[in-house]
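Report on the following structure.
Values quoted throughout were computed directly from the atomic coordinates according to the rules given, and no laboratory measurement underlies them. Because the structure is predicted, anything quoted here is derived from the model rather than measured. Glycine also receives a Cβ, built like all others from the backbone with ideal geometry; neighbour counts cover every protein chain displayed.
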Amino acid sequence: MLTEERHRIILDLLKEKDAIKIQDIVDATNASESTIRRDLTQLEQEKFLKRVHGGASKLQGKLKELSVSEKSSKNLHEKKCIGQYAAALVEEGDCIYLDAGTTTLSVIEHLPEKDIVVVTNGLTHVEALIQRGFKTYMIGGSVKPVTRAMIGSGALESIRQYRFDKAFMGANGVHPQYGFTTPDPEEAQVKRMAIELSREAMFLIDDTKFGEIAFSKIVDIDEAMIITNELNDEHRATMMKQTTIKVVTP
């Protein structure tokens, strides 16, 4: 079977399912596993799919964004482990920025009972922070209904008055060439500003975000540390040359 025909079969399988296993492709093409792995690597490089452990999955659309409720039900254990590790990095007297998002939300329950100040643009974060008794500042701006994030010129003007020891950030995609990305340009601006105002910046990203590319760039890979739950060999080889990555074992 010609390479082009195998590629067409692989992409047709992905149209039917969000994710496919290598064995499914082997059965459909009668090709060897090593051949299929090479095919998947080529198709990933050409940005037709994303390689995952044991197979491949569809790339998200550049503008696709799940709601807070949809995100909250995904990868719960992984997000909890990432949040717990991130929270342990907070020290007495820190002023931290907590970006909107469900993975950053998981940080709050694990924050140490220390004298810290938290600034956030996440509406869903405020109540949890207040209940924990932390001194909390909410930046201004307009509310983005899908992510419950404060964005826009008001958010940028508001956040400029602060300086942070650590910024815990979220993103929809992380790619060695295209950096950290998110679907909304206005939300990307706020994220970028928070990183610029922080002494240290860390993206809290579960393994499903690797290889994804959303519409709006936040910053390059080398401008922030990554805390994640899993990193395959291919991503490890490329990304660990560009930044610090902490893999937290669930």
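To the nearest 20 debye, what charge dipole does the chain have about its Cα centre, counting +1 at the Cβ of each Lys and Arg and -1 at the Cβ of each Asp and Glu?
220 debye
If I compute Rg/Rh (Cα atoms, Kirkwood Rh) from the structure I just sent, which labelled value in [x] 1.04; [y] 1.02; [z] 0.95 lines up?
Given [x] 1.04; [y] 1.02; [z] 0.95, the calculated one carries the label [y].
Please build a GNM for the chain, connecting alpha carbons under 10 Å apart, and tell me which residue among 209, 144, 166 fluctuates the most.
144
Could you work out which residue, out of 90, 219, 190, moves most in a Gaussian network model of the chain, that is, has the largest mean-square fluctuation with Cα springs under 10 Å?
90
Picking from 172, 185, 224, whose Cα lies most toward the positive end of the charge dipole for the chain (charges on Cβ: Lys, Arg +1; Asp, Glu -1)?
Value: 185.
Rounded, prolate or oblate: which fits the stretch 3-57, taking a ≥ b ≥ c as square roots of the Cα gyration tensor eigenvalues, rounded meaning a/c under 1.5, else prolate when a/b beats b/c? All intermediate terms of the calculation are to be shown ahead of the outcome.
Values: a/c = 1.21, a/b = 1.12, b/c = 1.08.
Taking the square roots of the gyration eigenvalues as a ≥ b ≥ c, the stretch 3-57 is rounded.
Projected onto the charge dipole of the stretch 68-247 (+1 at Lys/Arg Cβ, -1 at Asp/Glu Cβ, origin at the Cα centre), which of 162, 89, 213 gives the Cα projection farthest towards the positive end?
Of the options given, the answer is 162.
Once R0 is set to 25 Å, what does the formula 1/(1 + (r/R0)^6) return for the Cβ-Cβ distance between residue 26 and residue 234, expressed as a FRET efficiency to the nearest 0.05? Show your work: numbers first, answer last.
Details: r = 20 Å, r/R0 = 0.78.
E(calc), rounded to 0.05, equals 0.80.
Distance cut-off 25 Å, Cα to Cα: go down the list 114/144; 144/217; 79/191; 15/144; 80/241 and report the pairs above it.
114/144; 15/144; 80/241
Taking only Cα atoms and a 10 Å spring cutoff, compute GNM fluctuations for the chain and point out the largest among 100, 214, 128.
128
Which value, in debye to the nearest 20, gives the size of the charge dipole of the stretch 151-250 about its Cα centre, when Lys and Arg are +1 and Asp and Glu are -1 at the Cβ? List each step's numbers first, then the result.
On the way: 11 positive and 16 negative charges, 62 e Å.
In debye, rounded to 20, the stretch 151-250 gives about 300.
Contact order normalised by length for the chain, with contacts defined as Cα pairs under 8 Å and 6 or more residues apart; what percent is it?
Details: 502 pairs, mean separation 39.7, N = 250.
After rounding, I find 16 percent.
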